[in-house]
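Each remark here refers to the structure printed beneath this line.
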């Protein structure tokens, strides 16, 4: 257990000799999350709770702007940013009066340090923004609230990336830790500038967040957020229905939507995280190294059928060009080409002959039997894989579904030990202007194993992406990104199966200030800040909870986790509670 910066290895502190007195209960909610992310610093994340890990981190840390899904993001830590004529140099003016959780002032030196520090950590969810896209060169603190950032190439969308995505970290904390050791710094509570402080961590079980009452955008509207880790989605939504959690960061399963939206005391808010479920192919491994085969798999997959069967209509079919249909960078003329007859003709022409049972053989005589890895804790993705496997029988591809735990899936995909895998990603992958280039440019020279996203390599795609990301003219840049989407659709290094509707359920009696923050769902810092509720009023379904006095007896639910049983206790009398140590 991490409390006040100390690591107790999960051992609870000794009970005090005298029971604490009853004190007025703060506004407190419990939100079920799906995975453990170490101590929630930008360097130590496990990334097992995709797609909502980014929003959890942003409760603790702040970015210069918010957020990367918008062409014109809202100033956040920054009041403004001005570019040089060639847009290689950006001068950022920070807000005055912002402090870190420990009371130290946040200054231009912290921003300078963040960029310089992250440049020394090449592999990471956030650090790639300073060494690869765009390439950060140098920083200079001009005064306590002004920093000048210089890039090696034009950075026309600096306010989107990295400005609206890169968490700013405190120099006085991280300068004591060598960059090479940042990923191992899991034994401390994080210090950020965000609206919430992490005050307790029980590994693999739960987090406790408390409001940063000195937050520069005002005192958060919820005092305490408890985050139990509930890996099983069925258990998470069962807990919501019984009142043992107040919300779930996962989207509502389609089969539960009608029930939850008509349950007294529960509302379902429709938004979007720009989330996708997609299949990635191992392009460095035959036979999926053949673009003709990958394209045939795409042609043989009925994405509309997947949406109706798996999502019960609560979503949209994927686009062959990868980019989300709501992104400002999408090519509106593209969609998905479903044509199994064409797939069969193309495979016949490419030498993929059928056996008597209908399964094809590769041109070198091997049975066309492929496997797809799916997270065992993702029943919706598992169902999608099963439906896809049935659809592909029509084109002679045998697809076997292998359900494994999330950590093993990540390990196998990172070492290239797979044919294909299904996973999900959010706005960072589907709305950012540089997403196609970052996620799918060629692996480093000499690499013998695929990168996280399959090892796709197309020099023409690379050249166009490199040119697009430094093109200042927005219209010209969009035209290039449209060309990249067309290349992607033809080569099919991955196939988006569907974009889920953002359906988020919560108990209205616990908290009714949730907003749909475009591209982020509802579990975002703006749901807990004054002023935003009225700006983005929720459109909810559901009916009011019957008026019933809160029971004074505590109820509990036990969630099985990797670290043992987690007891989450909810006192129905919210007016008074025993504060945890």
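The values are calculated or read from the model by the stated rules, or taken from the named source; none is laboratory data. All of these numbers come straight from a predicted model, not from anything done at the bench. FYI the Cβ positions are ideal-geometry reconstructions off the backbone, even for glycines, and counts take in every protein chain you see.
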Is it the case that some residue within segment 171-190 is at pLDDT 95 or above, part of a loop (DSSP other than H, G, I, E, B), closer than 30 Å to residue 467 by Cα and assigned by TED's automatic domain parsing to the domain that holds residue 100?
no
Taking the stated definitions as given, is residue 94 buried (at least 19 other Cβ atoms within 10 Å of the Cβ) and in contact with a helix residue (DSSP H, G or I) (Cβ under 7 Å, 6 or more places away or on another chain)?
yes
Given (1) crowded, with 24+ Cβ neighbours inside 10 Å; (2) over 25 Å from residue 272 (Cβ atoms), identify the lone condition not met by residue 212.
(1)
Restricting to segment 476-527, what's the tally of residues that are in a helix (DSSP H, G or I) and touching a strand residue (DSSP E or B) at 6+ places or on another chain (Cβ under 6 Å)?
1
Looking at segment 304-316, can you tell me whether even one residue there is in contact (Cβ under 8 Å) with a residue 12 or more places away in the chain and under 27 Å from residue 437 (Cβ atoms)?
yes
Looking only at segment 220-231, decide whether some residue is within 20 Å of residue 97 (Cα to Cα), crowded, with 23+ Cβ neighbours inside 10 Å, in contact (Cβ under 8 Å) with a residue 24 or more places away in the chain and outside the structural domain of residue 81 (by TED's automatic domain parsing).
yes
Could you tell me how many of the residues in segment 46-61 are more than 15 Å from residue 273 (Cβ to Cβ), in contact with a helix residue (DSSP H, G or I) (Cβ under 8 Å, 6 or more places away or on another chain) and modelled with pLDDT of 95 or more?
1
Looking at segment 392-428, which of its residues are modelled with pLDDT of 90 or more and within 18 Å of residue 276 (Cβ to Cβ)?
409, 420, 421, 422, 423
Subset of segment 354-375 [within 30 Å of residue 231 (Cβ to Cβ) and surrounded by fewer than 17 Cβ atoms within 10 Å (Cβ to Cβ)]:
371
Only one residue in 348, 326 is surrounded by fewer than 22 Cβ atoms within 10 Å (Cβ to Cβ) and under 23 Å from the mean Cα position of the chain (by Cα), so which one is that?
326
Can you name the residue in segment 331-343 that is assigned to a loop (DSSP other than H, G, I, E, B) and within 20 Å of residue 301 (Cα to Cα) and, of all such residues, is modelled with the lowest pLDDT?
334
Enumeration of residues in segment 261-296 that are in a helix (DSSP H, G or I) and modelled with pLDDT under 95
261
Among the residues in segment 212-219, are any in a loop (DSSP other than H, G, I, E, B), at positive phi, touching a residue at least 40 places away in the same chain (Cβ under 8 Å) and more than 23 Å from the chain's Cα centre (by Cα)?
yes
Within segment 352-370, can one find any residue that is modelled with pLDDT of 95 or more and either closer than 30 Å to residue 520 by Cα or under 31 Å from the mean Cα position of the chain (by Cα) (or both)?
yes
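Per-residue answers, yes or no, for (1) outside the structural domain of residue 428 (by TED's automatic domain parsing); (2) in a loop (DSSP other than H, G, I, E, B); (3) in contact with a helix residue (DSSP H, G or I) (Cβ under 6 Å, 6 or more places away or on another chain); (4) more than 30 Å from residue 475 (Cα to Cα):
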position: 304; (1), (2), (3), (4): no, no, no, yes
position: 345; (1), (2), (3), (4): no, no, no, yes
position: 352; (1), (2), (3), (4): no, yes, no, yes
position: 363; (1), (2), (3), (4): no, yes, no, yes
position: 373; (1), (2), (3), (4): no, no, yes, yes
position: 391; (1), (2), (3), (4): no, no, no, yes
Would you mind stating whether residue 256 is in a helix (DSSP H, G or I), surrounded by 23 or more Cβ atoms within 10 Å (Cβ to Cβ) and either outside the structural domain of residue 68 (by TED's automatic domain parsing) or at pLDDT below 95 (or both)?
no
Tally of residues being within 25 Å of the chain's Cα centre (by Cα), within 30 Å of residue 85 (Cα to Cα) and part of a loop (DSSP other than H, G, I, E, B) across segment 450-475:
1
Residue that is surrounded by fewer than 20 Cβ atoms within 10 Å (Cβ to Cβ) and free of Cβ contacts under 8 Å to residues at least 12 places away in the same chain, where the choices are 82, 116, 140, 132
82
If a residue must be in a loop (DSSP other than H, G, I, E, B) and modelled with pLDDT under 95, how many such residues does segment 306-318 contain?
4
Residue match in segment 236-248 (condition: more than 23 Å from the chain's Cα centre (by Cα) and part of a strand (DSSP E or B)):
no
Options 473, 501: the member that is surrounded by fewer than 17 Cβ atoms within 10 Å (Cβ to Cβ) and either modelled with pLDDT under 90 or under 30 Å from residue 289 (Cα atoms) (or both):
473
Assuming residue 387 fulfils every condition listed in (1) on the phi > 0 side of the Ramachandran plot; (2) surrounded by fewer than 22 Cβ atoms within 10 Å (Cβ to Cβ); (3) touching a helix residue (DSSP H, G or I) at 6+ places or on another chain (Cβ under 8 Å) apart from one, which condition is it?
(1)
